[in-house]
1. Identify the residue in the stretch 89-139 that is of a type in the set (A, V, I, L, M, F, W, C) and part of a helix (DSSP H, G or I) and, among all such residues, is surrounded by the most Cβ atoms within 10 Å (Cβ to Cβ).
2. What residue, among those in the stretch 185-194 that are without any contact (Cβ under 8 Å) to a residue 24 or more places away in the chain and surrounded by fewer than 16 Cβ atoms within 10 Å (Cβ to Cβ), is nearest to ASN19 (Cα to Cα)?
3. Out of all the residues in the stretch 146-181, which are of a type outside the set (Lys, Arg), part of a loop (DSSP other than H, G, I, E, B) and surrounded by fewer than 16 Cβ atoms within 10 Å (Cβ to Cβ)?
4. Of all residues in the stretch 53-73 being of a type in the set (Phe, Trp, Tyr) and more than 20 Å from TRP138 (Cα to Cα), which is surrounded by the fewest Cβ atoms within 10 Å (Cβ to Cβ)?
5. Report, by residue number, each residue of the stretch 1-26 that is among the β-branched types (Val, Ile, Thr) and either without any contact (Cβ under 8 Å) to a residue 12 or more places away in the chain or under 14 Å from ASP46 (Cα atoms) (or both).
6. Quick one: how many residues across the stretch 182-210 are assigned to a helix (DSSP H, G or I), more than 29 Å from ALA170 (Cβ to Cβ) and either touching a helix residue (DSSP H, G or I) at 6+ places or on another chain (Cβ under 9 Å) or among the hydrophobic types (A, V, I, L, M, F, W, C) (or both)?
7. Checking ALA76 against (1) over 20 Å from GLY140 (Cβ atoms); (2) surrounded by fewer than 18 Cβ atoms within 10 Å (Cβ to Cβ), only one condition comes out false. Which one?
8. Let me spell it out: the conditions are (1) modelled with pLDDT under 95; (2) small (Gly, Ala, Ser); (3) touching a Lys or Arg at 6+ places or on another chain (Cβ under 8 Å), and GLY140 meets all of them except one. Which number is the exception?
Amino acid sequence: MRIHFVQHVSFETPGYLINWAKSRKYPVTFSKLFESNSFVQTNLFDVLVIMGGPMGVYEEQKHPWLKEEKSFIKKAIADNKKVLGICLGAQLVAEALGAKVYPHHQKEIGWWPIHKMNHPETQSLTSHLPEQFVTFHWHGDTFDLPYGSTQLFTSEACDQQGFIHGRNTAAIQFHLEATEILIKQMISHEREDLAYAPYIQTEQKINEETNSRVQLQEGYMTGFINNFLAY
């Protein structure tokens, strides 16, 4: 199982997903868009994981590589690769499937609850997750549910938190992959986002909750990615 990651900025790494891939001896490759905007051929990987980043999917003039990345994602979906988008990656997948992506009226940053949507056809994908669980968020945009997709998650702050499209394409708006190191890096580079708002935690609160929650989240991520690959 060959895993290819698209990483948009140096500080938003695949986090725990690297440990997961190494533990299974899955070969890992990268498109690191902060170094080069080159993309590999889709026949060189089995699974595409698109990571987060502070940019918006609609900022093509500011980030010209976005246009090429969108074509790359569409090609991977068309070629029936397993495609998972996380945060910005989820928004890119949503747009690739024809949905609108736009700034949300609330930013959601920190450890906040997620509610699982129950559908008979997706039980095998999310059965390991509680009906409600707390996970890490850092996003200000949202998206419409793509046509033909099944919504998997929602939250109080943001309705669209994840979906499955067909058998091979999935998206999650939140950061199940976040490790303690990854969260510290995000805070260091995006501290200006930690303004006073209903769904933005303080840096101190984030750090306090990270200590008690990050290990449990690793189990959530492991279950979700394994179930997705088997789905």
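The values are calculated or read from the model by the stated rules, or taken from the named source; none is laboratory data. Quick caveat: nothing in here was measured; it's all calculated off a predicted structure. Because the Cβ atoms are built from the backbone with ideal geometry, glycine has one as well, and the counts that use them run over all protein chains shown.
1. First, pick out the residues of the stretch 89-139 that are of a type in the set (A, V, I, L, M, F, W, C): 90, 92-94, 96-97, 99, 101, 109, 111-112, 114, 117, 125, 129, 133-134, 136, 138.
Cutting the leftovers down to part of a helix (DSSP H, G or I) gives us 90, 92-94, 96, 125.
Details: ALA90: 28, LEU92: 27, VAL93: 32, ALA94: 27, ALA96: 26, LEU125: 20.
Filtering first and then ranking leaves VAL93.
2. Step one: of the stretch 185-194, the residues without any contact (Cβ under 8 Å) to a residue 24 or more places away in the chain are 187, 191-192.
After this cut, where a residue has to be surrounded by fewer than 16 Cβ atoms within 10 Å (Cβ to Cβ) as well, the list is 191-192.
Values: ARG191: 26, GLU192: 29 Å.
Taking the candidates together, the pick is ARG191.
3. Here is the first cut: in the stretch 146-181, the ones of a type outside the set (Lys, Arg) are 146-166, 168-181.
Now drop any that are not part of a loop (DSSP other than H, G, I, E, B), which leaves 146-148, 155-161, 166, 168, 173-179.
Within the stretch 146-181, TYR147, GLY148, GLU156, ASP159, GLY166 qualify.
4. First, the residues of the stretch 53-73 that are of a type in the set (Phe, Trp, Tyr): 58, 65, 72.
Within this subset, residues satisfying the condition of being more than 20 Å from TRP138 (Cα to Cα) are 65, 72.
On the way: TRP65: 17, PHE72: 22.
Result: TRP65.
5. First, pick out the residues of the stretch 1-26 that are among the β-branched types (Val, Ile, Thr): 3, 6, 9, 13, 18.
Selection gives ILE3, VAL6, ILE18.
6. Adding up the residues that qualify gives 3.
7. Checking ALA76 against (1) over 20 Å from GLY140 (Cβ atoms); (2) surrounded by fewer than 18 Cβ atoms within 10 Å (Cβ to Cβ), the one that fails is (2).
8. So GLY140 meets the others, but not (1).
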